[in-house]
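Nothing in this text is a laboratory measurement; each read-out follows from the coordinates by a stated rule. All of these numbers come straight from a predicted model, not from anything done at the bench. Cβ sites come from the backbone with ideal geometry, for glycine too, and all protein chains shown count toward neighbours.
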Amino acid sequence: MGESSKSVRQFSELEWSILKGRIIDIGAGPDPVTPGALGFDKQQGDANKITQFQPGSFDCVYSSHCLEHMFDPRTTISNWWDLVKPSGHLFFIVPDEDLYEQGQFPSVFNNDHKHTFTISKKKSWSSSSINVIDLCQSLADAEIVKLHLNDSGYDRRIGGHGPKKKSKAIELARKLYRSLRKRHLIPRLIFVERWFSRTIGWDQLYGNVLAQIEVILRKKA
């Protein structure tokens, strides 16, 4: 399931109230946040620096689980912010480093992640950590509308932090199970995922579990 699809299920009236007008979904892939959103992914250009749109072109710039793949998120978010109209919104979602990466970086869940994110810490275990509050405050005329740690469905009792002990056999079994599930060759087996979770913490990020920071910023008129 795409990350936006998982998040959309929990959107409130606030989220839907800003997802109107002209919307660009950066990193949308095949899973745009709304049917009418303009999808922007690798086929359309480089999300690190979007230059083909005029400043102030969009009522809402949306991006889910894309910023962590950027080489320089601070510069990237500034470029995205430029696309927002006065009184418009920037709505972005990033994985929380403690819930998603679980004390390991490079990420064992997505090896293309170049940075980790936390709402605010004086010191992080990750050398690539970025404070989301600092990121928001770096943008001119930005007003924070929502800043929320969404851990819906996340079972902290089976979470971990740091490298987990695992054998090659367990890792091969996990990969085989996940491959069969993706191809819909076997049904979802909760007891199998629970067993994997106790060995490598994998099922925390499977299905409808969320481990992310959600941010909505409004550009002052």
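Between residue 75 and residue 146, full extension at 0.36 nm per residue minus the direct alpha carbon distance yields a gain of 23.4 nm.
One decimal place: the segment residue 155-residue 14 gains 48.1 nm when fully extended, by the rule 0.36 nm per residue minus the C-alpha distance. Taking the 0 to 90 degree range and rounding to the nearest ten, how far is the long axis of helix 73-82 tilted relative to the main principal axis of the chain, both from C-alpha atoms? The answer is roughly 40 degrees.
Placing dummy labels 7 Å off each Cα toward the beta-carbon, the span from residue 46 to residue 5 is 3.1 nm.
Pairs over the 26 Å Cα-Cα cut-off, from the set 42/121; 20/219; 49/85: 42/121. For the chain, averaging the sequence separation of C-alpha pairs within contact (under 8 Å, six or more residues apart) and dividing by the residue count gives a relative contact order of 21 percent. Determine the percent antiparallel among the DSSP beta bridges restricted to the chain, to the nearest 5. In the chain, DSSP labels about 45 percent of beta bridges as antiparallel. Size descriptor for the chain, Kirkwood hydrodynamic radius: 18.4 Å (Cα pairs only, one decimal).
Taking Cα atoms only, the orientation of helix 168-182 departs from the longest principal axis of the chain by about 60 degrees.
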